[in-house]
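This report refers to the structure that appears directly beneath it.
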Amino acid sequence: MEQSLVTYFDGEKYGAVVIASMGLLAVVLAGILLPSRWELRAFAVTLGLVALAEIALGVGLFLRTGPQVTDLLAQLRSDPTAFFSDEGARMARVQRTFIIAQYVEMGVIVVGALVAFAQKNRFAVAGIALALLCHAAFLLAFDLIAERRGAVYLGALQSRAANANVALEPH
């Protein structure tokens, strides 16, 4: 079980680096496009602002992951029943949250594309829509991969809990 836990959270840590790096790249791109003469200022500003949120998310996730793994491993060793119950319920919630986030991201992609197309002559509106679409597409890919990794971890939790006769109660 320890290996499944470490593998899952290693993926979280690498994902945090990816999301923060993509945010940093988007900030650089926004800086390059901001002074452009192609009416891309609204796109650049929106791209940069959302990128700052991605950087914060990535850094926060990265910093939180190590201590979380330490705490979970300690709980697994000292109180496996509570570990399987608590962590199984937490991961079930995480998996549900991924589904909701993916629907929101798909909605932003569709609405962003429609608005950008319908308002293509209104550079500010189209630029904002396109920047949101770009970020939503990246976040959708990120969340699909994270959800898949989470499903493997949740499956390992459920399998081990069943073998240990631990009830995984949804909280």
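Computed quantities for the displayed model
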quantity	calculated
Ala116 vs. criteria at pLDDT 95 or above, surrounded by 13 or more Cβ atoms within 10 Å (Cβ to Cβ), farther than 30 Å from Ala30 by Cα and among the small types (Gly, Ala, Ser)	no
Lone qualifier among Glu87, Glu39 - being acidic (Asp, Glu) and over 22 Å from the mean Cα position of the chain (by Cα)	Glu39
Hits in the range 14-35 (condition: closer than 28 Å to Gly155 by Cα and out of contact with any Leu (no Cβ under 8 Å at 6 or more places or on another chain))	Tyr14, Val17, Val18
Selected residue (only one of Ala101, Ala124, Ala56 is farther than 26 Å from Gly15 by Cβ and surrounded by 12 or more Cβ atoms within 10 Å (Cβ to Cβ))	Ala124
Residue within the range 33-40 that is part of a helix (DSSP H, G or I), free of Cβ contacts under 8 Å to residues at least 60 places away in the same chain and either of a type in the set (Lys, Arg) or more than 30 Å from Ala124 (Cβ to Cβ) (or both) present	no
Residues satisfying the stated conditions in the range 1-19, i.e. within 17 Å of Phe83 (Cβ to Cβ) and aliphatic (A, V, I, L, M)	Met1, Leu5, Val6
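The values are calculated or read from the model by the stated rules, or taken from the named source; none is laboratory data. This one's a predicted model, so the numbers in the text were calculated from it and none came from an experiment. Virtual Cβ from ideal backbone geometry, glycine too; neighbours counted across all protein chains shown.
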